[in-house]
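The values are calculated or read from the model by the stated rules, or taken from the named source; none is laboratory data. Just so it is clear, the model here is predicted, and its values are computed rather than measured. Note: ideal-geometry Cβ built from the backbone for every residue, glycine included; neighbour counts use all protein chains shown. In case anyone asks, the SASA skips ligands and DNA or RNA and just uses the protein heavy atoms, side chains included. Shrake-Rupley method; radii C 1.70, N 1.55, O 1.52, S 1.80 Å.
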Amino acid sequence: MSRSPPRPTRSRPHHVSIDDYDGAEWNSAALGATKRLRADDLLRRLQQRFAPGAFLHHGQGKWYPGEPLPRWAFAAYWRPDGEAVWDDPHLLADETTRSENTAALAECFIRALAARLGLADRWIMPAYEDAFHYLLQERKLPSNVDPLHSELRNPQERARLARLFDAGLDAVVGHVLPLRRKPAGAGKGWTSSPWYLRNGRLYLIPGDSPVGFRLPLDSQPWAAPEDIPAVIEPDPMAERPALPPHRQFVKAVAAVTRQPPAPTPAELAAIAAAERAPVLGESASWIVRTALCVEPREGRVHIFLPPVDTLEDYLEIVTAVEATAAALGTPVVLEGYPPPHDPRLCVVKVTPDPGVIEVNIHPSATWAELVERTTGVYEDARQARLGAEKFMIDGRHTGTGGGNHIVLGGPTPADSPFLRRPDVLRSLVTYWQHHPSLSYLFSGLFIGPTSQSPRIDEARLDALRELEIAFKQIPPEGGCPPWLVDRVLRHLLVDSTGNTHRAEFCIDKLYAPESASGRLGLLELRAFEMPPHERMSLVQQLLLRALVARFWREPYVKPLVRWGTQLHDKWMLPHFIGRDTEDICADLAHHGYELPVEWFAPHQEFRFPLVGDFAVRDVHLELRQALEPWHVLGEEAGPGGTVRFVDSSLERVQVKVTGLTEGRHVVACNGHAVPLQPTGTHGEFIAGVRFRAWQPTSCLHPTIGVDAPLVFDVVDTWNDRAIGGCTYHVAHPGGRNYTTFPVNAYEAESRRLSRFFRHGHTPGNLVAATSLVDPEFPCTLDLRKG
């Protein structure tokens, strides 16, 4: 594998609190009271482990409909060449840092920082909240309501009004320094300019975001579109020179601070031009429209970094910020725009998702790096009181719910194996379609055509035909432009709604020509749930690296399989998933990649836990959890607007029987004969039982009740009697349903064991009813049809 192409691998583990399994922030809510503190703790541990010379950035992440603000996003950035970016980690404030008199400190900070950037402080502006807006909000309140204790419906607006009126509308919120790199031909360094605002004061746009995101940019003097300099992202495919040493940035900042160069006549003329107020109708092309902001907030000094064109410019600003923080002896928080995407800078991100904290690990080029980083993330998460496992309320062991998506690519987009050899991607898609265990063994509970990682052959019936046509457009061994890979497969590797991100093979960052962030040469595999142990995650990543190496040496060109209804019948059972895994391991061994099938036994047991078993008269019956593809229901009115529920009330168990005498013994479930299918081993049979486990308010077939408990009988048809059986309850057998999640694995196991009994078979004469066999689903007994 070490001789195959470069294919850096990284995963996206998701963690939950090990101290609060019941909190909304660790089950459904994206944000919460403790999630930000845990994320900050985890990020600092990861920074100490992987990147001692990194700087931490507290930016904004995704913004979803219904959420008042974009979510926060924490990141650590460092240089892979060993050079530091930030020297003193004590100058990076954490979430618990609190200082006195931060308002005065913030003003001193921005003036000192301007000097280190070679700028005068005359263009620094104080920023205020929009007094007119909030006075209007106050006038709208009832006459008998105190603005400090108003009862506005919106809690964010209520808290904001109370905070502003308590501090006073004339209080300075922060300071703003217009900042931009000097244009080409105007010399080195930075430039600034005054802002001409109608009111003479800088009033911020109302909101709770940092000052830098609330600047009244539309109130600045008009300029023609062609006169406004745009921040252009560098082409990801472009080659970049090595970054200058860190000491060079430090010396450059120190030189400007010690002895600011005297302005040349040309620079004096440029300063005079920048201070000129525009006349009516004139295009104000000289106005600097990006700004660095310093804001005292929550007892900390926050530095808002502006967007810049190059990584070198960004690192120069960061170096100047650290030098200023060291001179004033105050820790700071870096926020605002992140650095431009650049392969010369590594990053680890920690972000919130509903119910979990997501960690984006930096790529690993070698197996040793992958082991070190995966193990380190799991260990640091444990130290931050975060875990990788979760338990359902009935005691079943499950993943955290956020996934463990694995990303493959190259050190740079140009080195990506999927752009150099698109046939490797075609081979992966074909191999995945041939082996359903790759889609289901590592996935979460929600599978099927409407899940977040649907197979390409689960939704549209003609998808495979279209995919076969697309495969013919891909050359056998490279030789096609990178954009062609995206255009050929973009509209096929999608979910049923056309979403490229919610697909089993996500290529929205492979080579989408319309944006630089989409041309990274990355392939994201989304059918991976968060495993509870780091070695289970490593086995998954090792499997993927072995497959890429195998297809690099020998492309996999085979016709696609029309599985049809077998996907949701035969391939929902753990027995066939296990057999398919054995076939994959045998195939890899044949090509020189030894992956013992025993390495996947923990995944098999984690995904398909044992429900219980019993034996009677040489007949052994075993029950295991099986897979069930849930349906997404039609649109309904719900809290906050229109919603679509998922019908998770259906479950499936696998029945595996050995020692049966054909023609004599029948297995019945709730009186219906189970359609046992031979496995190829003498006396061994297998089947699935699908049933409604609970009754939600909105579901498919709402008039069909709950089928639980499930009573399994081994029926002797020669005597028409049940010779033994067992009972499986999907909830507490005594009706005392649990109200909290298990606190640990021991309590979870006790809940599982309490729901299975090796007794309770049907007494007296028993003639099993005719099996409810569906010719399209021959392996499944669907109790809803009875």
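Quick notes on this structure:
Here's the yes/no breakdown for (1) open to solvent by 40 Å² or more (accessible area, probe 1.4 Å); (2) closer than 25 Å to Pro454 by Cβ; (3) in contact with a helix residue (DSSP H, G or I) (Cβ under 9 Å, 6 or more places away or on another chain):
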{"site": "Pro559", "(1), (2), (3)": "yes, yes, yes"}
{"site": "His575", "(1), (2), (3)": "no, yes, no"}
{"site": "Ala586", "(1), (2), (3)": "yes, no, yes"}
{"site": "Ala589", "(1), (2), (3)": "no, no, no"}
{"site": "Tyr593", "(1), (2), (3)": "no, no, yes"}
{"site": "Pro596", "(1), (2), (3)": "yes, no, yes"}
{"site": "Phe600", "(1), (2), (3)": "no, yes, yes"}
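- The residue that is farthest from Thr697 (Cα to Cα), counting only those in region 631-659 that are in contact with a Gly (Cβ under 6 Å, 6 or more places away or on another chain) and surrounded by 12 or more Cβ atoms within 10 Å (Cβ to Cβ), is Gly659.
- Candidate set: region 614-672, residues that are in contact (Cβ under 8 Å) with a residue 40 or more places away in the chain and among the acidic types (Asp, Glu); chosen: the one farthest from Ala459 (Cα to Cα): Asp618
- Criterion violated by Ser285 - all others in (1) crowded, with 19+ Cβ neighbours inside 10 Å; (2) in contact with a helix residue (DSSP H, G or I) (Cβ under 7 Å, 6 or more places away or on another chain) satisfied: (1)
- Where Gly448 falls short, out of the listed (1) within 19 Å of Leu544 (Cα to Cα); (2) of a type outside the set (Ser, Thr, Tyr); (3) open to solvent by less than 10 Å² (accessible area, probe 1.4 Å): (1)
- Restricting attention to region 602-619, the residues being open to solvent by 50 Å² or more (accessible area, probe 1.4 Å) and in contact with a Phe, Trp or Tyr (Cβ under 8 Å, 6 or more places away or on another chain) number 0.
- Any hit, region 10-21, residues being farther than 22 Å from Pro531 by Cα, modelled with pLDDT under 90 and under 18 Å from the mean Cα position of the chain (by Cα): no
- Single unsatisfied condition, Arg758 versus (1) surrounded by 19 or more Cβ atoms within 10 Å (Cβ to Cβ); (2) touching a residue at least 24 places away in the same chain (Cβ under 8 Å); (3) under 20 Å from Asp613 (Cα atoms): (1)
- When restricted to residues that are under 16 Å from Pro709 (Cα atoms) and out of contact with any strand residue (DSSP E or B) (no Cβ under 6 Å at 6 or more places or on another chain), region 736-762 contains 8.
- Of the helices (runs of 4 or more DSSP H) lying entirely inside region 394-469, those containing at least 2 residues that are in contact (Cβ under 8 Å) with a residue 12 or more places away in the chain and among the polar types (S, T, N, Q) are 422-434, 437-440.
- Residues within region 692-735 that are out of contact with any strand residue (DSSP E or B) (no Cβ under 8 Å at 6 or more places or on another chain) and over 30 Å from Leu633 (Cβ atoms), tallied: 3
- Annotation for region 492-501: no member residue is in contact (Cβ under 8 Å) with a residue 40 or more places away in the chain, charged (D, E, K, R) and open to solvent by 40 Å² or more (accessible area, probe 1.4 Å).
- Summed over region 377-427, residues that are crowded, with 22+ Cβ neighbours inside 10 Å, over 30 Å from Leu37 (Cβ atoms) and of a type in the set (A, V, I, L, M, F, W, C) total 5.
- Test: Arg545 is free of Cβ contacts under 8 Å to residues at least 60 places away in the same chain, open to solvent by less than 50 Å² (accessible area, probe 1.4 Å) and either under 22 Å from Leu464 (Cα atoms) or in a helix (DSSP H, G or I) (or both): no
- Scanning region 761-786 for residues that are touching a residue at least 12 places away in the same chain (Cβ under 8 Å) and either open to solvent by 60 Å² or more (accessible area, probe 1.4 Å) or in contact with a helix residue (DSSP H, G or I) (Cβ under 7 Å, 6 or more places away or on another chain) (or both) yields His761, Pro763, Asn765, Val767, Thr770, Leu772, Val773, Glu776, Phe777, Cys779, Lys785, Gly786.
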